[in-house]
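One structure is given below, encoded as structure tokens.
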Amino acid sequence: MNIQLESSVSACVRTPLAKHSDLTWHMHATQDVNYNVSIAKDILNPRNPVLARTCANYVVGKNRKTKRLVVIDSKVNEIYGDSLRDYFESWCFDIHWKIISSDEVNKNMESAIQVAEAMDDAGLLRRGEMVIGIGGGVLLDVVGFASSLYRRGIPYVRIPTTLMGQIDAGIGIKTGVNHGDHKNRLGTYFAPSSALIDPMFLKSLDQRHISNGVAEIIKMALIKDRTLFELLEAMSSYLTPQAFSSDHPVIQEIMSRAIAGMLAELEPNLWEAELARCVDYGHTFSPSLELRATPMLLHGEAVAVDMALCVALANGRELLTDEETSRALLLMHNSGLPIIHPVFNLELLEKALADSVKHRDGLQRLPITTGLGAATFVNDLTLDELSTALQFLEQRQEAFDQVTTL
Ligand SMILES: NC(=O)c1ccc[n+]([C@@H]2O[C@H](COP(=O)([O-])OP(=O)(O)OC[C@H]3O[C@@H](n4cnc5c(N)ncnc54)[C@H](O)[C@@H]3O)[C@@H](O)[C@H]2O)c1
Ligand SMILES: [Zn+2]
């Protein structure tokens, strides 16, 4: 007790005195962000220590079970709940469970508060006992958001179980919930302690949600990785839940390239001080489409329609050759993704662009491909170009439809 007191007193004495004659004091501090994103196979096998190690970064006291709060998506709980319970039991964890239904409609402040209440009920220590989020992008966004708010931040681990989560939503530091008419309008930047990716989870996803994640992989390929584009082309008929959860070496390379590419883009601009971001490719017009489309489009599907438009725009500016343009659109089509949508018309595009200009501080900063696997930004896009691009895509869709009906 004495020793503690002495050390806290001496720490205070060592702090330099502020100049009391000043009227302005300058504060400066930097925040270190340090976390691992790891791919690990078979993490629910009780003989595999990876999950236990990841969740035991903060061990409190000896001879005491390690307390954790697991927040899990209800569908994931149905499929993997028993295995998770067996696993944590065998590694002597004291787990408190919070099961939430995490569809896009439940991605709101109420869900975040429910998670915060579960943290309270579990009686988690402020730094020593972490939260483990297991589910898709929606669950991870909500859990990350609640973790950043609860006691102004408690440690949490991300275990993404969808393809979208494993290559995008579950590996960065953005958290958030929808509010009003806007997606992710309330949110924070809050890094996890780590993110653990086990492709095994993908075997129970449906094909539509695989295609949804593939859209974001195509994005990475188009803006920065031509090899990834070619691998996707070669595998386009095999991008299935079975393939993504298998040991297929090409699928493994696709996954690691997608993750590494995303992290490389995020790391130098984690807090998005720079608003011209290549990773916003396909995300200029898609937020408005996502809001308006009925029946609802998945995020990746809306991104695909936006990317197709940007491919057509690049073709119009001769930044993509006709051959490259056809290959990009065919890859989206073969991956089960749309390239047009009935509400994606000129009126919507004009409004969506105006919204994005506000979001990007007054400039279009539109990422656009220059060849397959490279990108630049434009600020002078016109409505005429958008109109021509839309017509181009309608014709291309007709050509796809003709092939299908043959
Ligand atoms: N924070 C970020 O940087 C970031 C990036 C991209 C997307 N997002 C967000 O991610 C969300 C989309 O994420 P998503 O596509 O993962 O959707 P999702 O979280 O809604 O999951 C899709 C569906 O799959 C189910 N599911 C999850 N894992 C499963 C599994 N292994 N087997 C069977 N079913 C499973 C879920 O219950 C849900 O019904 C959006 O809200 C988007 O805004 C966030
Ligand atoms: Zn996205």
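The values are calculated or read from the model by the stated rules, or taken from the named source; none is laboratory data. In this text the structure is predicted, and so the values were computed from the model without any measurement. Glycine also receives a Cβ, built like all others from the backbone with ideal geometry; neighbour counts cover every protein chain displayed. SASA here: full protein model, heavy atoms, side chains in, ligands and nucleic acids out. Shrake-Rupley method; radii C 1.70, N 1.55, O 1.52, S 1.80 Å.
Taking a ≥ b ≥ c as the square roots of the Cα gyration tensor eigenvalues, with a/c under 1.5 meaning rounded and otherwise prolate when a/b beats b/c, else oblate, which class fits segment 270-406?
prolate
Where Rh is the Kirkwood radius over the Cα pairs of the chain, the temperature 4 °C and the viscosity 1.567 mPa s, what D in µm²/s does Stokes-Einstein return?
57
Between Ser90 and Tyr35, what's the calculated FRET efficiency when r is the beta-carbon distance and R0 is 30 Å? Round to 0.05.
0.70
Check cross-link reach from Lys41 to the lysines: straight Cα distance under 28 Å, and skip same-chain residues fewer than eight apart.
Correct list for Lys41: Lys65, Lys67, Lys75, Lys98, Lys174, Lys203, Lys219, Lys224.
Ignoring ligands and nucleic acids, what accessible area does Thr24 show with a 1.4 Å probe (Å², nearest 10)?
Estimated to the nearest 10 Å², Thr24 gives 110 Å².
Taking a cut-off of 17 Å between Cα atoms, list the lysines near Lys358, but don't count ones fewer than 8 places away on the same chain.
Lys183
Please give the FRET efficiency for Thr405 paired with Asn48, using the beta carbon to beta carbon distance and R0 = 56 Å, rounded to the nearest 0.05.
That pair, Thr405 with Asn48, gives E of 0.70.
Once fully extended, how much extra length lies between Arg126 and Glu233, figured as 0.36 nm per residue of separation less the alpha-carbon to alpha-carbon distance?
33.8 nm
With r as the distance between the Cβ atoms of Ser204 and Asp361 and R0 = 60 Å, compute the FRET efficiency 1/(1 + (r/R0)^6) and round to 0.05.
That gives a FRET efficiency of 0.90.
For the chain, what does -39500 (n - 2.57) per DSSP helix run (n ≥ 4), summed and divided by total residues, give at 222 nm, in deg cm²/dmol to the nearest 500?
Calculated at 222 nm, the ellipticity per residue is -15000 deg cm²/dmol.
How much accessible surface area, in Å² rounded to 10, belongs to the heavy atoms of Thr175 with a 1.4 Å probe?
That residue has around 10 Å² of solvent-accessible surface.
Hey, what angle do you get for helix 226-235 against the long axis of the chain, alpha-carbon based, 0 to 90 degrees rounded to 10?
80
Put +1 on the Cβ of every Lys and Arg and -1 on every Asp and Glu Cβ in the chain; which of Ala258, Val403, Cys92 then has its Cα farthest towards the positive end of the dipole?
The Cα lying farthest towards the positive end belongs to Cys92.
Could you state the angle between the C-alpha long axis of helix 322-334 and the longest principal axis of the C-alpha atoms of the chain, as a value from 0 to 90 degrees rounded to the nearest 10?
60
By average Cβ neighbour count within 10 Å, what is the ranking of 225-235, 325-335 from highest down?
Put in order of decreasing packing, that is 325-335, 225-235.
List the residues, sorted by chain then number, that are 5 or more residues from Ala375 or on another chain and whose placed amide H is less than 5 Å from its amide H.
The answer is Thr370.
In square angstrom, rounded to the nearest 10, how much accessible surface does Arg360 have for a 1.4 Å probe?
It works out to around 10 Å².
Counting only heavy atoms of the protein chains, get the accessible area per residue of the chain (1.4 Å probe) and round it to a whole Å² value.
With all protein chains present, the chain gives 50 Å² per residue.
Pull out the extension gain between Asp322 and Ala374, defined as 0.36 nm times the separation in residues minus the alpha carbon to alpha carbon distance; nm, one decimal.
That pair, Asp322 and Ala374, stretches by 17.1 nm at full extension.
How long is the gain from His179 to Asn345 if the chain were fully straight, where each residue apart is worth 0.36 nm and the alpha carbon distance is subtracted?
This chain segment gains 57.2 nm when fully extended.
Show the residues, 5+ positions off or on another chain, whose built amide H is closer than 5 Å to the amide H of Asp94.
Hits under the 5 Å cutoff: Thr66, Lys67, Arg68.
Using a probe of 1.4 angstrom, how much of the accessible area of the chain is carbon and sulfur, in percent?
Here it works out to 53 percent.
Between 0 and 90 degrees, rounded to the nearest ten: what's the tilt of helix 299-316 against the longest Cα principal axis of the chain?
Tilt of helix 299-316: around 50 degrees.
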